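The values are calculated or read from the model by the stated rules, or taken from the named source; none is laboratory data. Worth saying up front: this structure is predicted, and the values here are computed from it rather than measured. Backbone-built Cβ (ideal geometry, glycine too); neighbour counts: all protein chains shown. Protein only, heavy atoms only, side chains kept; ligands, DNA and RNA dropped before computing areas. Shrake-Rupley method; radii C 1.70, N 1.55, O 1.52, S 1.80 Å.
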Amino acid sequence: MNDVGKQEHKEKKAAVILAAGSGRRMNTPVAKQFLDLMGIPVFLHSVRLFDKIADKIVLVTSPDAVEYCRNLLEKEELCAEVIVIAGKSERFLSSMEGVRAASDCDLIMIHDAARACVDMEVIERSIASARIHGSGVAAVPLKDTVKVADQNGMVLSTPDRSTLRIIQTPQTFKHDIICAAYDHLNHIIETKGIKAAGSITDDAMVVETFTNQKVYLSEGSYENIKLTTPEDMTAAHGILSARTREM
Ligand SMILES: Nc1ccn([C@@H]2O[C@H](COP(=O)(O)OP(=O)(O)OP(=O)(O)O)[C@@H](O)[C@H]2O)c(=O)n1
Ligand SMILES: C[C@](O)(CO)[C@H](O)COP(=O)(O)O
């Protein structure tokens, strides 16, 4: 109870874990989120970690993998409420499904299952930023020089690197912000068709484009790589093995 005698509202946190992609660039017979990484499927690394902090986990996977994931997660001793739902053809559509399923929560953390090396510090910083600013999008400064080039490989310009960030997940938002953003996007798709959505590569972009809310970055980690091409599996194995040795 607080000092005016009202029941304190306990913050409810959801983790939406996106695992419905086809992993085209990994070029393996099994989609990358189901590949073995240190003895367990890639997506399970994120599920186990977010289970330490989330009240609810929404795993979004491909329609033909829903049963497989449900069976696998039933055998895990997870503390959070866990639901497994089917994703869609684009990341932002899978995310929209996940956000809907998590809409009973106050904070919604959206995370790529392909970022299996995320750590708790990154997650906590993303949550802390969302509590203060409404959003916390994990990001790191660029280490390399970036150039804008034309199709012939001729350099057009060199952007000021200090203004650029590499964007990761988790991307955490207060409920009202992310739900309003996806509701607006859904309305546009329903009225104008999917092409009107344009090219959306992350959830922050949905908030930037379809609300007047500012998006805030939180400190990510250079170890929080996205498993995209085959050499990323070797790197992830190295990162996770080093952590196991440190323990
Ligand atoms: N329709 C989609 C596409 C992607 N994702 C998820 O979003 C994350 C980031 O996407 P990306 O790394 O691009 O995965 P894929 O789309 O699977 O990879 P590719 O573009 O190489 O096919 C992944 O965890 C992926 O499973 C999803 O849930 N639904
Ligand atoms: C959301 C994301 O992981 C941020 O880095 C990324 O934009 C999604 O991956 P994609 O390769 O653009 O689908």
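When you check Ile110 against the structure, is it within 21 Å of Tyr182 (Cβ to Cβ) and surrounded by fewer than 18 Cβ atoms within 10 Å (Cβ to Cβ), yes or no?
For Ile110, the condition - within 21 Å of Tyr182 (Cβ to Cβ) and surrounded by fewer than 18 Cβ atoms within 10 Å (Cβ to Cβ) - is not met.
Within segment 1-110, which helices (runs of 4 or more DSSP H) (wholly inside it) include 2 or more residues that are out of contact with any Gly (no Cβ under 6 Å at 6 or more places or on another chain) and closer than 22 Å to Gln168 by Cα?
Counting at least 2 such residues, we get 42-50, 91-101.
Taking segment 103-139 as the region of interest, how many residues are within 15 Å of ligand 2 (Cβ to nearest atom) and within 26 Å of Pro41 (Cα to Cα)?
17
Tell me, please, whether a residue that is of a type outside the set (Lys, Arg) and out of contact with any strand residue (DSSP E or B) (no Cβ under 7 Å at 6 or more places or on another chain) can be found in segment 50-61.
For segment 50-61, residues of a type outside the set (Lys, Arg) and out of contact with any strand residue (DSSP E or B) (no Cβ under 7 Å at 6 or more places or on another chain): absent.
Among what's in segment 21-30 and is under 17 Å from the mean Cα position of the chain (by Cα) and open to solvent by 20 Å² or more (accessible area, probe 1.4 Å), pick the residue that is farthest from ligand 2 (Cβ to nearest atom).
By that ranking, first place goes to Ser22.
So, restricting to strands (runs of 3 or more DSSP E) that lie completely within segment 131-247, which ones have at least 2 residues that are open to solvent by less than 60 Å² (accessible area, probe 1.4 Å)?
Hits in segment 131-247: 135-141, 165-174.
Of the residues in segment 59-86, how many are within 16 Å of ligand 2 (Cβ to nearest atom) and either within 19 Å of Lys10 (Cα to Cα) or open to solvent by less than 10 Å² (accessible area, probe 1.4 Å) (or both)?
Residues flagged as within 16 Å of ligand 2 (Cβ to nearest atom) and either within 19 Å of Lys10 (Cα to Cα) or open to solvent by less than 10 Å² (accessible area, probe 1.4 Å) (or both) within segment 59-86 amount to 2.
Only residues in segment 33-51 that are acidic (Asp, Glu) count as the first member; pair them with residues that are away from ligand 1 (no atom under 14 Å from the Cβ), Cβ under 6 angstrom, at least 6 apart or cross-chain, and list the lot.
Going by the 6 Å Cβ cut-off, the qualifying pairs are Asp51/Leu78; Asp51/Cys79; Asp51/Ala80.
Does segment 138-188 hold any residues that are touching a Pro at 6+ places or on another chain (Cβ under 8 Å) and either closer than 17 Å to Gly98 by Cβ or aliphatic (A, V, I, L, M) (or both), and which are they?
Ala138, Val146, Val148, Leu164, Ile166
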